[in-house]
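The values are calculated or read from the model by the stated rules, or taken from the named source; none is laboratory data. Everything numeric in this text was worked out from a predicted model, so none of it was measured. In this analysis, Cβ positions are derived from the backbone assuming ideal geometry, glycine residues included, and neighbour counts consider all displayed protein chains. The area values use the complete protein model at the heavy-atom level, side chains included, leaving out ligands, DNA and RNA. Shrake-Rupley method; radii C 1.70, N 1.55, O 1.52, S 1.80 Å.
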Amino acid sequence: GAVVSQHPSWVICKSGTSVKIECRSLDFQATTMFWYRQFPKQSLMLMATSNEGSKATYEQGVEKDKFLINHASLTLSTLTVTSAHPEDSSFYICSATSGRADTQYFGPGTRLTVL
Amino acid sequence: GEDVEQSLFLSVREGDSSVINCTYTDSSSTYLYWYKQEPGAGLQLLTYIFSNMDMKQDQRLTVLLNKKDKHLSLRIADTQTGDSAIYFCAENNQGGKLIFGQGTELSVKP
């Protein structure tokens, strides 16, 4: 149980385009979903916390107009990187929690490369 | 502030035990976690321990928690080459967010 999927697993896009990443909890209802960014050989950096039906809470320094988060249902959250630039290239990972032991279950990640 | 520290590298021989250490600062954390990340993949939850426990064992994994010293360790018995990965410890803060350490890269040599 507690499986989280992400789609796509990797994406390459041109500078200036927008990219949408989906995060789904497959076998449980996620009260909260989190979006992280990870640079090579580094730890995860929390970008935002998303609760179903409400606006996401962004961490300091994360541009909310750049990284649009929509949490339309208890099993789906999306992250849209708008007008992507090469510096947005990174590994984006989502996680979801059902509230049990505050445990976060992570998706497999999405590798974004902006040319 | 909240901070989680880990050593960056650990190298062991196959069959030996591995011990990965972690220190944290937030004494109000309810749970502490160990995650495993293989190259190019997301994080896999290995185990977690409630803050009022001292030890938790799950097959080859043993978690020890010293709450007084804010020290957490993960022992992997009979380490195999498939255990090679980056291991992250994490604590949850009062806002329900996870604070991660830098990750310890475990290398298992045959």
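Reported count of residues in region A:87-114, each being away from every other protein chain (no Cβ under 11 Å), farther than 13 Å from A:Val19 by Cβ and either of a type in the set (S, T, N, Q) or surrounded by fewer than 14 Cβ atoms within 10 Å (Cβ to Cβ) (or both), is 2.
Filter region A:75-103 down to the residues that are in contact with a strand residue (DSSP E or B) (Cβ under 9 Å, 6 or more places away or on another chain) and closer than 28 Å to B:Ser51 by Cβ and list them by number.
Of region A:75-103, the ones in contact with a strand residue (DSSP E or B) (Cβ under 9 Å, 6 or more places away or on another chain) are A:75-82, A:84-99, A:101-103.
Result: A:Ile93, A:Cys94, A:Ser95, A:Ala96, A:Thr97, A:Ser98, A:Gly99, A:Ala101, A:Asp102, A:Thr103.
Of the residues making up region B:78-98, those that are within 22 Å of A:Met47 (Cα to Cα) and open to solvent by 40 Å² or more (accessible area, probe 1.4 Å) are B:Ile86, B:Gln94, B:Gly95, B:Lys97.
Take the residues in region A:33-63 that are of a type in the set (S, T, N, Q) and out of contact with any Leu (no Cβ under 8 Å at 6 or more places or on another chain), then tell me which one is nearest to the other protein chains (Cβ to nearest Cβ). Before the answer, list the steps.
If we filter region A:33-63 for residues that are of a type in the set (S, T, N, Q), which is where we start, we get A:38, A:42-43, A:49-51, A:54, A:57, A:60.
Right, trim to out of contact with any Leu (no Cβ under 8 Å at 6 or more places or on another chain) and you get A:42-43, A:49-51, A:54, A:57, A:60.
Values: A:Gln42: 7, A:Ser43: 5, A:Thr49: 7, A:Ser50: 12, A:Asn51: 10, A:Ser54: 14, A:Thr57: 9, A:Gln60: 12 Å.
Among those residues, the one meeting the criterion is A:Ser43.
Within the bounds of region A:65-78, is there any residue that is surrounded by fewer than 16 Cβ atoms within 10 Å (Cβ to Cβ), over 21 Å from A:Ala2 (Cα atoms) and under 9 Å from the mean Cα position of the chain (by Cα)? No, that holds for no residue.
Let's see how each residue does on (1) open to solvent by less than 40 Å² (accessible area, probe 1.4 Å); (2) more than 29 Å from A:Arg111 (Cα to Cα); (3) touching a Phe, Trp or Tyr at 6+ places or on another chain (Cβ under 9 Å); (4) hydroxyl-bearing (Ser, Thr, Tyr):
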{"residue": "B:Leu10", "(1), (2), (3), (4)": "no, no, yes, no"}
{"residue": "B:Arg13", "(1), (2), (3), (4)": "no, yes, no, no"}
{"residue": "B:Leu32", "(1), (2), (3), (4)": "yes, no, yes, no"}
{"residue": "B:Tyr35", "(1), (2), (3), (4)": "yes, no, yes, yes"}
{"residue": "B:Glu38", "(1), (2), (3), (4)": "no, no, no, no"}
{"residue": "B:Tyr48", "(1), (2), (3), (4)": "no, no, yes, yes"}
{"residue": "B:Met53", "(1), (2), (3), (4)": "no, yes, no, no"}
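Counted as qualifying within region B:25-110 are the strands (runs of 3 or more DSSP E) with 1 or more residues that are within 9 Å of chain A (Cβ to nearest Cβ), namely B:31-37, B:43-50, B:85-92, B:98-100, B:104-109. Among residues of region B:18-33 that are under 9 Å from B:Asn92 (Cβ atoms), those with a Cβ under 6 angstrom from a residue that is among the charged types (D, E, K, R), sequence gap 6+ or separate chain, pair up as B:Asp26/B:Glu2; B:Asp26/B:Glu91; B:Ser29/B:Glu91; B:Tyr31/A:Asp102; B:Leu32/B:Glu91. Scanning region A:1-32 for residues that are more than 10 Å from chain B (Cβ to nearest Cβ), touching a Cys at 6+ places or on another chain (Cβ under 6 Å) and closer than 25 Å to B:Ile99 by Cα turns up just one, A:Cys23.
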